[in-house]
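Written below as structure tokens is the structure these notes are about.
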Amino acid sequence: MLVAATQAEVLARFGRALADPIRCRLLLALRERPDHPAELADQLGISRPRLSNHLACLRDCGLVVAVPEGRRVRYELSDPRLAHALGDLLSTVLAVNAEATCPGAKDKGCC
């Protein structure tokens, strides 16, 4: 059953998806064009099981959908406006203090 998420839930799901570099690369690849898992795994240089886990996360977040094509499945962004949103995020200029980091940045691998 599909339900509409609140605005805060949408942002939280987007944040969860963008929290992993592989998922970011996957979203950017799907921004360019829909594709099949085997081709996406090759393009990203990761194993198919690993890709499958990331695609499941993106499906759960509501950002991608699986489209059956005969015996194969093609993945695409769930809403064409996501491509525009990703482009907007890429063009955003962040005000970063080079001397400050997130708490626990070294342990968490962020910032």
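The values are calculated or read from the model by the stated rules, or taken from the named source; none is laboratory data. Keep in mind that this is a model prediction, so the values were computed, not measured. Every residue, glycine among them, receives a Cβ derived from its backbone with ideal geometry; neighbour counts consider all protein chains shown. Side chains included, ligands, DNA and RNA excluded: accessible areas come from the protein's heavy atoms. Shrake-Rupley method; radii C 1.70, N 1.55, O 1.52, S 1.80 Å.
Report the net charge of residues surrounding R74, where surrounding means a beta-carbon distance below 12 angstrom and charges are Lys +1, Arg +1, Asp -1, Glu -1.
On the way: positive: R33, R71, R72; negative: D35, E39, E69, E76.
For residues surrounding R74, the net value is -1.
Across the chain, the mean sequence separation of Cα contacts (distance under 8 Å, 6 or more residues apart), normalised by length, yields a relative contact order of 22 percent.
Mind checking the full-extension length gain between N53 and E39? Use 0.36 nm per residue of separation minus the Cα-Cα distance, one decimal, nm. Display every interim value, and only then the final one.
Details: separation 14, 0.36 × 14 = 5.04 nm, distance 1.54 nm.
That works out to 3.5 nm of additional length.
When restricted to Cα atoms, the chain yields an Rg and a Dmax of 15.5, 53 Å, respectively.
Summarising the amide proton neighbourhood of V64: residues at separation of 5 or more, or on other chains, whose placed amide H is nearer than 5 Å comprise R59, S78. How much area per residue is accessible in the chain when the probe is 1.4 Å and only protein heavy atoms are counted (Å²)? Using a 1.4 Å probe on heavy atoms only, each residue of the chain averages 72 Å². Per-residue extension of 0.36 nm, minus the Cα-Cα distance of V96 and A8, leaves a gain of 29.3 nm for this segment.
Under the combined filter of DSSP loop state and at most 11 neighbouring Cβ atoms within 10 Å, the range 11-102 retains these GluC sites (Glu not before Pro): E99.
What percentage of the solvent-accessible surface of the chain, computed with a 1.4 Å probe over protein heavy atoms, is contributed by carbon and sulfur atoms? Mind dumping the intermediate values first?
Numbers: 4440 of 7990 Å².
Heavy-atom surface of the chain belonging to carbon and sulfur, 1.4 Å probe: 56 percent.
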